[in-house]
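**Q** Shown below is the structure under consideration.
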Amino acid sequence: MADQDILRQSDPRAQGASQNPAPAELGRVAASLPPTCTPGAPLVMGRCNGGPPDLSFDDYGQPYATHGLHPFPAKFPPPLARWAIEQFTAPREWLLDPFVGSGTTLVEARLLGRNALAAEIDPLSRLLARVKATSLDPTWVEAAKAQIDHRWDSATLPILQGQPPSLSAVPDFPNRDYWFHAQVQRDLVRLRDLIARIDKRAVREFLLVVYSSIIIAKGPSSVANALDIAHSRAHHVERRASPNVWRRFCDRYGRALRGLRAFYAQADHSVQTLVLGHDAKALPYRARIADVILSSPPYITAIEYPRSHKFSVWWIGELLGVSHRVYETLRSHYIGTESVPRRERHTLRALPAGLPTLDRLAARLDEVDEVRAGRARRYFWDMRRALAEMLRTLKPERYAVLVVADSHLRGLRVPTGACLVEIAESLEVDGARFVHRDTVIRTIRERSRQMPIKRGSNGDGMKTEEVLILQRRPKHLFVAMGTRNSQDSAAAGAAAAPRAPRPREARSPGVKPGLREGCCQSTKRSLTGVGSIETSSGRVMCGKETIA
Ligand SMILES: C[S@@+](CC[C@H](N)C(=O)[O-])C[C@H]1O[C@@H](n2cnc3c(N)ncnc32)[C@H](O)[C@@H]1O
């Protein structure tokens, strides 16, 4: 597809956008159902032949292809992205991820031959997503690395002989000497200068990601004097010896190259991937472009991405076109941010959402902590705008699959999934609305997901996530909210409200028949209300939530 068929008419291409080579022919969307399982795929999931989906993926081993290129907090488990893509799309269809993060969905989309569009506010995440999903010829990277090896060696000799290195300036950022050893600073500048001299953008960016990964790496493998950069506020660590930048870079490079080779061998080189530097609250894409929306939105105040990424942005920001000062100012635009000014909190408090679960929650939070109540309100208002954009960009009858988790604020459980469903079903865009089709609970394998583990006043941390499945339907259809796993409550819903049209999985392109039966068996949460009604404000009231 050409840019004008993808982008909104009024949207100029955003800064930081990148596009892979356009395929010769993208073909029309396949109307056939997708294959149940991809033969020979690296993952064999028992449910492919009709069993209930266990989305915990306990058997998922090491990251494959480019998934392990760079650490990232709260990454999607790749098999979950794979499952959703196979369930909800046919080959060559278009996936949209409005919160693309490190690009897990894009990598899987390319491996499975789907076109993919993405938005992401964070410049480092955009770089990661772009690099991980680009089918870059590994031999180009090897040639560039050989050049760097040579230049590093020839620059090292004079230094060993006592000559001062000729370097561009070490970047200036807060507490530089506290976080980085003097020798590490010099080596990071040298290495960055050598990478910046690589001509081919895709190759340069690949090596830049490897470079960034040694800064943000977890614990002792980081060259920064910091521990746990991704999870929380970085903790300073006193290192006895200065970490060896070059050796760590070469180690990471070896692993990254192996991943790239595997990815390149399996990737579909003909599909398109586009990552735009946009806010999910105002997507640059035209209406009804996506065959599926697959995303894991940010959590409420759980991870401050700029806080963990700033270590890397200090060093490579200039090459990404963002100074650390500009990066700091972006912080308040992230969904889930902790920086919600007092005035905004008060404004939001005066604007109840008109949605029962959400308003009840905000009122309870107000009693214990007005600041956190304000953050929660701001999160859901932002997500409302993001959900409206998802509804606008999704094709009729197709599905949005969102992976979310409850949060704990001052000991209160925030039922994020239930609130988002409530919001989603209250929206109307272009004569369409979302209908909640299912929620599948999955267990988080904490080690691989790198979730923030919050304890004490914040509760027990995140042990499970919800996979919300929403469908875009025409607004004039009355929506009944019977449960999908309880015949009794479905019957109760049917008695009190006009019967909802049966979901059209079997007729919708790209959706496997039998999906709902599979999902239902593992769904623990259900909606047992008597149905939904349209209010004068156009909102749909949800039924009462129960936890099985
Ligand atoms: C949970 S992460 C996504 C992780 C991703 N699924 C992966 O596997 O790497 C959420 C992402 O949303 C991004 N984000 C936060 N606010 C945003 C906004 N307003 N618009 C677009 N992206 C945003 C964050 O920068 C973060 O990368």
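The values are calculated or read from the model by the stated rules, or taken from the named source; none is laboratory data. Since we're looking at a predicted model, the values are computed, not measured. Don't worry about glycine lacking a Cβ; one is built from the backbone with ideal geometry, like all the others, and counts go over all protein chains shown.
**Q** Please name all residue pairs, on different chains or six or more residues apart, with Cβ atoms under 7 Å, provided the first residue is in region 332-346 and is within 22 Å of Leu387 (Cβ to Cβ) and aliphatic (A, V, I, L, M) and the second residue is within 13 Å of the ligand (Cβ to nearest atom) and not in a loop (DSSP other than H, G, I, E, B).
**A** Filtered contacts from region 332-346: Ile335/Tyr379; Ile335/Asp382; Ile335/Met383; Ile335/Ala386; Val340/Arg378.
**Q** Go through region 418-431 residue by residue and tally those that are within 16 Å of Arg288 (Cα to Cα) and surrounded by 23 or more Cβ atoms within 10 Å (Cβ to Cβ).
**A** Residues flagged as within 16 Å of Arg288 (Cα to Cα) and surrounded by 23 or more Cβ atoms within 10 Å (Cβ to Cβ) within region 418-431 amount to 0.
**Q** Limited to region 311-331, what total is found for residues that are within 13 Å of the ligand (Cβ to nearest atom) and free of Cβ contacts under 8 Å to residues at least 40 places away in the same chain?
**A** Residues flagged as within 13 Å of the ligand (Cβ to nearest atom) and free of Cβ contacts under 8 Å to residues at least 40 places away in the same chain within region 311-331 amount to 1.
**Q** Another question, if that's okay. Based on this model, can you work out whether Pro91 counts as without any contact (Cβ under 8 Å) to a residue 40 or more places away in the chain, over 24 Å from Pro306 (Cβ atoms) and surrounded by fewer than 24 Cβ atoms within 10 Å (Cβ to Cβ)? Explain how you work it out, then say what you get.
**A** Working: without any contact (Cβ under 8 Å) to a residue 40 or more places away in the chain: no; over 24 Å from Pro306 (Cβ atoms): yes; surrounded by fewer than 24 Cβ atoms within 10 Å (Cβ to Cβ): yes.
No, not satisfied.
For (1) surrounded by 23 or more Cβ atoms within 10 Å (Cβ to Cβ); (2) on the phi < 0 side of the Ramachandran plot, each residue gets a yes or a no:
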{"residue": "Ile215", "(1), (2)": "yes, yes"}
{"residue": "Arg261", "(1), (2)": "no, yes"}
{"residue": "Val275", "(1), (2)": "yes, yes"}
{"residue": "Arg288", "(1), (2)": "no, no"}
{"residue": "Ser295", "(1), (2)": "yes, yes"}
{"residue": "Ile303", "(1), (2)": "no, yes"}
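**Q** Quick check: is even one residue across region 293-304 touching a Gly at 6+ places or on another chain (Cβ under 9 Å) and closer than 30 Å to Arg190 by Cβ?
**A** Scanning region 293-304, I find no residue that is touching a Gly at 6+ places or on another chain (Cβ under 9 Å) and closer than 30 Å to Arg190 by Cβ, so the answer is no.
**Q** Can you tell me which of (1) crowded, with 20+ Cβ neighbours inside 10 Å; (2) over 20 Å from Ala119 (Cα atoms); (3) within 16 Å of the ligand (Cβ to nearest atom) is the one Leu387 doesn't meet?
**A** Unmet condition: (2).
**Q** Could you list all residues from region 60-89 that are closer than 24 Å to Ala400 by Cβ, more than 12 Å from the ligand (Cβ to nearest atom) and part of a loop (DSSP other than H, G, I, E, B)?
**A** Across region 60-89, the qualifying residues are Tyr60, Thr89.
**Q** Here are the criteria: (1) hydroxyl-bearing (Ser, Thr, Tyr); (2) closer than 19 Å to Leu127 by Cα; (3) in contact with a Pro (Cβ under 7 Å, 6 or more places away or on another chain); (4) at pLDDT 90 or above. Tell me which single one Ser308 does not satisfy.
**A** The failed condition is (4).
**Q** Name the residue, out of Val131, Val100, that is within 16 Å of the ligand (Cβ to nearest atom), in contact with a His (Cβ under 9 Å, 6 or more places away or on another chain) and of a type in the set (A, V, I, L, M, F, W, C).
**A** Working: Val100 fails: in contact with a His (Cβ under 9 Å, 6 or more places away or on another chain).
The conditions single out Val131.
**Q** Identify the residue in region 244-287 that is touching a residue at least 60 places away in the same chain (Cβ under 8 Å) and closer than 13 Å to Ser213 by Cα and, among all such residues, is farthest from the ligand (Cβ to nearest atom).
**A** Here is the first cut: in region 244-287, the ones touching a residue at least 60 places away in the same chain (Cβ under 8 Å) are 245-246, 253, 255-257, 259-264, 266-287.
Restricting the remaining residues to those that are closer than 13 Å to Ser213 by Cα gives 245-246, 253, 255-256.
Details: Val245: 26, Trp246: 28, Tyr253: 21, Arg255: 18, Ala256: 16 Å.
That would be Trp246.
**Q** If you don't mind, another one. Would you mind stating whether His408 is farther than 24 Å from Ile303 by Cα and either modelled with pLDDT under 95 or within 16 Å of the ligand (Cβ to nearest atom) (or both)?
**A** So His408 does not fit the description; no.
**Q** Identify all residues within region 263-273 that are buried (at least 21 other Cβ atoms within 10 Å of the Cβ) and in contact with a Gly (Cβ under 8 Å, 6 or more places away or on another chain); write none if there are none.
**A** Going residue by residue through region 263-273, those that are buried (at least 21 other Cβ atoms within 10 Å of the Cβ) are 263, 267, 271, 273.
The one that is buried (at least 21 other Cβ atoms within 10 Å of the Cβ) and in contact with a Gly (Cβ under 8 Å, 6 or more places away or on another chain): Val271.
**Q** Go through Ala373, Ala418 for me and flag whichever is in contact with an Asp or Glu (Cβ under 9 Å, 6 or more places away or on another chain) and within 28 Å of Lys475 (Cβ to Cβ). Before the answer, list the steps.
**A** Working: Ala373 fails: within 28 Å of Lys475 (Cβ to Cβ).
Checking each option against the conditions leaves just Ala418.
Every residue, every condition in (1) modelled with pLDDT under 95; (2) touching a strand residue (DSSP E or B) at 6+ places or on another chain (Cβ under 8 Å); (3) not in a helix (DSSP H, G or I), yes or no:
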{"site": "Lys145", "(1), (2), (3)": "no, no, no"}
{"site": "Arg151", "(1), (2), (3)": "yes, no, no"}
{"site": "Gln163", "(1), (2), (3)": "yes, no, yes"}
{"site": "Val203", "(1), (2), (3)": "no, no, no"}
{"site": "Ser212", "(1), (2), (3)": "no, no, no"}
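**Q** Right, here's the next one. Out of all the residues in region 300-353, which are among the hydrophobic types (A, V, I, L, M, F, W, C) and assigned to a helix (DSSP H, G or I)? Steps first, please.
**A** Quick first cut of region 300-353, residues among the hydrophobic types (A, V, I, L, M, F, W, C) only: 300, 302-303, 311, 313-316, 319-320, 322, 326, 330, 335, 340, 348, 350-351, 353.
Once the filter is applied, which keeps residues that are among the hydrophobic types (A, V, I, L, M, F, W, C) and assigned to a helix (DSSP H, G or I), region 300-353 yields Phe311, Val313, Trp314, Trp315, Ile316, Leu319, Leu320, Val326, Leu330, Leu348.
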